[in-house]
Amino acid sequence: MFDRGQLGGPEGVLAFVVSANETPRETLEKQVLAQAGTQLGQPGLTPIQTVVEKRATFACTPGLARPPAAIAPGLQACGDYTEGPYPATLEGAVLNGLAVARSLATP
């Protein structure tokens, strides 16, 4: 769960993320709202928008060519999708971001 107000977005808007789930949209909404009520003390929330991504990430297959981090002088991309020694995971994205930050910090 992300509090959009804490991230510079509109106050009072919460974003919930569910991964690897095949529950129908209506049922999933009800389950997320129930969980927010019981576990987060946020009863009575009203959904604004529900987005279901069937493939929110690329298929991590052997030999997959990922784009390089270097885009232009002084500009690099980072994330789980750029080439590097790390797999496409949250940890890989963080480690990739740290590596890019270090490379830009050194002349």
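The values are calculated or read from the model by the stated rules, or taken from the named source; none is laboratory data. Everything numeric here is computed off the predicted structure, so don't read it as measured data. Positions of Cβ are generated from backbone atoms using ideal geometry, with glycine treated the same way; all protein chains shown enter the neighbour counts.
Does residue 50 satisfy the criteria of being in a loop (DSSP other than H, G, I, E, B) and touching a Lys or Arg at 6+ places or on another chain (Cβ under 7 Å)? The answer is yes for residue 50.
Mind checking which residues of region 1-26 are of a type in the set (Gly, Ala, Ser) and farther than 17 Å from residue 37 by Cα? Don't jump to the end; show me each part of the working.
Taking region 1-26 and keeping what is of a type in the set (Gly, Ala, Ser), we get 5, 8-9, 12, 15, 19-20.
Answer for region 1-26, where residues must be of a type in the set (Gly, Ala, Ser) and farther than 17 Å from residue 37 by Cα: 5, 8, 9, 19, 20.
Considering region 72-98, and only residues there that are in a helix (DSSP H, G or I) and without any contact (Cβ under 8 Å) to a residue 24 or more places away in the chain, the residue that is surrounded by the fewest Cβ atoms within 10 Å (Cβ to Cβ) turns out to be 90. Among the residues making up region 3-47, those that are touching a strand residue (DSSP E or B) at 6+ places or on another chain (Cβ under 8 Å) and part of a helix (DSSP H, G or I) are 4, 36.
Checked against the criterion of being at pLDDT 85 or above and either loosely packed, with under 10 Cβ neighbours inside 10 Å or touching a strand residue (DSSP E or B) at 6+ places or on another chain (Cβ under 9 Å) (or both), region 49-63 has at least one qualifying residue.
Has region 63-71 got any residue that is farther than 17 Å from residue 1 by Cα and assigned to a strand (DSSP E or B)?
The initial filter retains those residues of region 63-71 that are farther than 17 Å from residue 1 by Cα, namely 63-71.
Okay, now just the ones that are also assigned to a strand (DSSP E or B), so 70-71.
Yes, there is a match, as at least one residue in region 63-71 is farther than 17 Å from residue 1 by Cα and assigned to a strand (DSSP E or B).
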